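Single-structure report; data block below.
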Amino acid sequence: MSKGSVAGGSIFKKLLNEWPFGIRSSFKGALLPAFGLLLIALVVNFMLTDSAISITTQLFINLVAVLGFYIFIGTSGVPSFGHVAFMGIAAHLQTLLTLEPTMKKMMLPNLPPWLGQMEMGFWPAMCITVTVVMVFALLTGIPFSRMGDAATGIVTMCFLAVVHNILMGWETYTAGFKTLYGIPEYSDLWTAFGFAIVMLLLARFFRDSASGLALRASREDKEAAQSIGVNVANYRLLAWVFSAGVMGVAGVLLVHFLTIVSPAQFYLGLTFSLIAMLIVGGMSTVSGVVLGTLFMTVVIEVLGTLGEGIMIGSYQTPTFYGLTMMGTGVAIMVVMFWKPDGLIAFYEIDERINNWRQGRSGKKSVPLSTNGSPELSREKPTVRPVGNSENSRFHLSINNVSKNFGGLQALDNVSLELKRGEILGLIGPNGSGKTTLINTISGVLPVSSGKIIKDDVEITSWQAHQVAQSGIGRTFQSIQVFPTMTVLENVMAGVSMGQSDDSMSPMEKASSLVSEFGLEEYTTRLAGTLPYGPQRALEIARAVAIDPGYLLLDEPAAGMIRQESDQLMELLIKLRNDHSIGQLVVDHDLRMIMQLCDRVVVLNKGQVIAEGSPDQVQRNPKVIEAYIGRKRKAGK
């Protein structure tokens with residue numbers, strides 16, 4: 001086989017793995033809401049009035065816009081009030097490209113001649129418009145994607161105001177406060193429906209892709225997402241640009257539906273309405289976007305009609321200005337009181353159906369211990385010595401690392417070495433710098449001085465996601481799973497970020513890890529609903545999913561009873577024996593540390609005071625004085 005064919009096969013496999021749950025699964029997941037929209041379009045087109053057709057066309061255009069919001073807000077969890085600005089830019093640019101030259105000369109007499117004489121068809125103009133919008137989004141998204149979540153919400157609101165004021169003031173191209181009319185009417189019911197279905201499919205494919213999974217992980221817990229290799233800023237930028245393109249399509253459709261355009265259309269009123277649709281349906285799912293758009297479009301249309309006054313017999317109701325805005329707010333509050341996470345919440349409709357079917361099929365679950373933790377072998381774990389294995393030439397070296405927080409010296413010239421296939425214990429009193437050391441190794445905190453070297457490569461200044469991508473996984477002192485993602489999605493997020501050349505598909509590997517860690521019973525459960533023991537097992541499974549050479553475990557046995565810590569110890573030994581993962585284990589459970597670890601390092605006041613075998617450390621006078629003696633006095 002030629003190198004070219006091998007490379008081509010590798011690229012094709014990588015492309016397929018971008019959808020770890022399978023392209024067919026995503027396509028099937030989008031079919032149910034798509035079929036519902038088709039049914040609505042058919043009924044309205046053949047059985048209802050022109051007014052109903054107009055409302056339904058508006059509904060489909062709204063859906064495209066809300067999907068644009070979802071692609072950024074729903075997947076990243078970052079608030080944005082500026083996306084309507086992309087609709088406004090697209091609408092005005094599309095108008096300039098498609099408006100008949102005579103109309104341009106009448107309404108925009110100061111246009112440059114080359115633009116004033118230009119008249120394009122719908123498709124070429126839309127391609128140019130959406131491309132321009134996405135390029136503009138790329139330029140503006142670079143700073144936005146690197147801001148904090150709260151700051152992004154505020155700045156995007158300012159972004160909307162700036163774009164609105166530019167459109168209002170740039171009279172040469174937008175006519176300012178005036179309304180441009182005479183725009184070709186290209187958006188009918190079936191055009192809007194077709195674009196809605198295409199955008200629905202794209203949004204579902206994005207949600208289920210490895211990129212979408214990484215973004216949803218960062219939505220749940222940014223620090224935990226970085227610990228599996230997610231470059232949060234880059235993925236947010238990707239979502240920002242993609243969502244801007246979808247908003248651009250919505251702006252194009254809207255301007256060719258209304259056949260008029262004005263900057264006033266694309267401001268706070270439209271922003272509020274579209275975000276309301278996203279929130280009501282549930283911003284975590286594409287199905288929620290569809291249902292929320294349907295529900296709120298009907299509510300807005302009914303309230304709009306009532307606000308203008310209607311005839312009841314011979315009585316004309318009075319005009320009620322602001323009823324639509326007030327009613328929309330009330331509708332949101334009612335739905336949020338009833339369903340705080342939206343009408344659909346965290347599962348897609350097809351996922352709910354699959355879960356229901358699995359429940360009815362009565363599938364056997366893994367056996368549980370009496371405390372609700374996955375049942376592991378009852379045999380006493382056997383610790384395999386490291387010896388002079390091939391893995392001993394790979395090591396993680398911490399060389400004279402110091403970390404200062406102002407006047408506080410958290411770490412003071414700490415040095416240690418962890419080999420592949422070795423379990424190294426790190427103990428010490430509270431405040432001795434154990435978690436700080438893990439944070440410096442994993443890239444969460446920059447070191448003040450010293451070097452960190454992994455397999456002869458210095459990673460001292462690397463960011464957290466780069467450290468994870470290099471093959472260093474970690475867990476956290478307080479469990480940090482992705483609570484509103486399923487157990488399988490948690491593990492799949494790690495698998496998708498891993499660099500393994502494993503012959504197994506991502507789905508096979510994730511399922512294998514779920515089984516290996518005794519989590520099969522919980523596969524489709526939201527991670528935040530699991531008992532404590534399974535959550536800790538899931539966090540470790542997710543870290544292992546990135547194929548790490550080294551694993552940093554920050555108090556994995558915290559809060560566990562003896563039976564659970566024994567099971568955890570067996571699990572860690574199995575990881576070492578089966579995967580040759582070097583493990584740095586921080587814990588206050590001295591019994592577990594002394595039985596589990598090959599070597600033990602003791603920290604006190606940021607300094608290494610002892611290092612050696614468990615027996616040597618337990619007999620060390622400095623350790624007894626600083627740590628073990630205190631714990632014995634405390635009865636621990």
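The values are calculated or read from the model by the stated rules, or taken from the named source; none is laboratory data. Every value quoted in this text rests on a predicted model; they were computed, and no experiment measured them. Heads up, the Cβs are rebuilt from the backbone with ideal geometry, glycines too, and the neighbour counts pull from every protein chain shown.
When the residues of the stretch 454-493 are filtered to those that are over 19 Å from residue 521 (Cβ atoms) and of a type in the set (Asp, Glu), which remaining residue is surrounded by the fewest Cβ atoms within 10 Å (Cβ to Cβ)? Of everything passing the filter in the stretch 454-493, 456 is surrounded by the fewest Cβ atoms within 10 Å (Cβ to Cβ).
Of the residues that make up the stretch 622-634, is at least one closer than 22 Å to residue 421 by Cα, modelled with pLDDT of 85 or more and either outside the structural domain of residue 440 (by TED's automatic domain parsing) or surrounded by fewer than 19 Cβ atoms within 10 Å (Cβ to Cβ) (or both)? The answer is no; no qualifying residue exists.
What residue, of 474, 542, 536, is under 25 Å from residue 577 (Cβ atoms), of a type in the set (Lys, Arg), touching a residue at least 12 places away in the same chain (Cβ under 8 Å) and in contact with a Leu (Cβ under 6 Å, 6 or more places away or on another chain)?
After applying the criteria, what remains is 474.
Number of residues in the stretch 531-544 that are at pLDDT 95 or above and either of a type in the set (D, E, K, R) or in a loop (DSSP other than H, G, I, E, B) (or both) equals 2. The stretch 54-132 holds helices (runs of 4 or more DSSP H) entirely within its bounds, and those carrying 1 or more residues that are over 30 Å from residue 279 (Cβ atoms) and either outside the structural domain of residue 236 (by TED's automatic domain parsing) or under 40 Å from the mean Cα position of the chain (by Cα) (or both) map to 84-98. Candidates are the residues of the stretch 240-253 that are surrounded by 24 or more Cβ atoms within 10 Å (Cβ to Cβ) and not β-branched (Val, Ile, Thr); the one that is farthest from the chain's Cα centre (by Cα) is 253.
Each row is one residue, and each column tells you yes or no for (1) part of a loop (DSSP other than H, G, I, E, B); (2) basic (Lys, Arg); (3) closer than 14 Å to residue 552 by Cα; (4) touching a strand residue (DSSP E or B) at 6+ places or on another chain (Cβ under 9 Å).
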{"site": "440", "(1), (2), (3), (4)": "no, no, yes, yes"}
{"site": "460", "(1), (2), (3), (4)": "yes, no, no, yes"}
{"site": "465", "(1), (2), (3), (4)": "no, no, no, no"}
{"site": "473", "(1), (2), (3), (4)": "no, no, yes, yes"}
{"site": "476", "(1), (2), (3), (4)": "yes, no, yes, yes"}
{"site": "481", "(1), (2), (3), (4)": "yes, no, no, no"}
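So is residue 450 part of a strand (DSSP E or B) and surrounded by 20 or more Cβ atoms within 10 Å (Cβ to Cβ) or not? No: the conditions fail for residue 450.
Given the criterion of a type in the set (Asp, Glu) and either surrounded by 18 or more Cβ atoms within 10 Å (Cβ to Cβ) or not assigned by TED's automatic domain parsing to the domain that holds residue 433 (or both), identify the matching residue among 555, 520. Don't jump to the end; show me each part of the working.
Numbers: 520 fails: either surrounded by 18 or more Cβ atoms within 10 Å (Cβ to Cβ) or not assigned by TED's automatic domain parsing to the domain that holds residue 433 (or both).
After ruling out the rest, the residue left standing is 555.
Scanning the stretch 563-609 for residues that are in a helix (DSSP H, G or I) and among the aliphatic types (A, V, I, L, M) turns up 568, 569, 571, 572, 573, 575, 590, 592, 593, 594, 596.
When 618, 567 are checked against the criterion of being in contact (Cβ under 8 Å) with a residue 12 or more places away in the chain and over 41 Å from the mean Cα position of the chain (by Cα), 618 stands alone in meeting it.
When 261, 280, 299, 289 are checked against the criterion of being in contact with a Gly (Cβ under 7 Å, 6 or more places away or on another chain) and at pLDDT 95 or above, a single residue qualifies: 289. Considering only residues in the stretch 345-372 that are among the hydrophobic types (A, V, I, L, M, F, W, C) and surrounded by 12 or more Cβ atoms within 10 Å (Cβ to Cβ), the one that is modelled with the lowest pLDDT turns out to be 368.
Of all residues in the stretch 421-466, those satisfying the criterion of being polar (S, T, N, Q) and within 22 Å of residue 580 (Cα to Cα) are 442, 466. Of the residues that make up the stretch 406-415, is at least one among the polar types (S, T, N, Q), in contact (Cβ under 8 Å) with a residue 12 or more places away in the chain, surrounded by 22 or more Cβ atoms within 10 Å (Cβ to Cβ) and over 22 Å from residue 546 (Cα atoms)? So far as the stretch 406-415 goes, no, none of its residues is among the polar types (S, T, N, Q), in contact (Cβ under 8 Å) with a residue 12 or more places away in the chain, surrounded by 22 or more Cβ atoms within 10 Å (Cβ to Cβ) and over 22 Å from residue 546 (Cα atoms). Elements of the type helices (runs of 4 or more DSSP H) sitting completely within the stretch 168-231 and holding at least 1 residues that are without any contact (Cβ under 8 Å) to a residue 12 or more places away in the chain and under 30 Å from residue 147 (Cβ atoms): these cover 222-227.
With 35, 21 as the choices, which residue is surrounded by fewer than 15 Cβ atoms within 10 Å (Cβ to Cβ) and outside the structural domain of residue 504 (by TED's automatic domain parsing)? Spell out how you get there, then give the answer.
Working: 21 fails: surrounded by fewer than 15 Cβ atoms within 10 Å (Cβ to Cβ).
Only one candidate qualifies: 35.
Free of Cβ contacts under 8 Å to residues at least 40 places away in the same chain, part of a helix (DSSP H, G or I) and surrounded by 14 or more Cβ atoms within 10 Å (Cβ to Cβ): does that describe residue 303? Yes, satisfied. Looking across the stretch 101-114, the residues that are surrounded by 13 or more Cβ atoms within 10 Å (Cβ to Cβ) and either touching a residue at least 24 places away in the same chain (Cβ under 8 Å) or within 30 Å of residue 237 (Cα to Cα) (or both) come down to 103, 107, 108, 111.
Conditions (1) at pLDDT 85 or above; (2) surrounded by 12 or more Cβ atoms within 10 Å (Cβ to Cβ); (3) within 30 Å of residue 288 (Cα to Cα), marked per residue:
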site	(1), (2), (3)
323	no, yes, yes
343	yes, yes, yes
374	no, yes, no
381	no, yes, no
387	no, no, no
391	no, yes, no
397	yes, yes, no
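Among the residues of the stretch 254-264, count how many are in a helix (DSSP H, G or I), surrounded by 19 or more Cβ atoms within 10 Å (Cβ to Cβ) and not aromatic (Phe, Trp, Tyr).
Within the stretch 254-264, residues that are in a helix (DSSP H, G or I), surrounded by 19 or more Cβ atoms within 10 Å (Cβ to Cβ) and not aromatic (Phe, Trp, Tyr) number 4.
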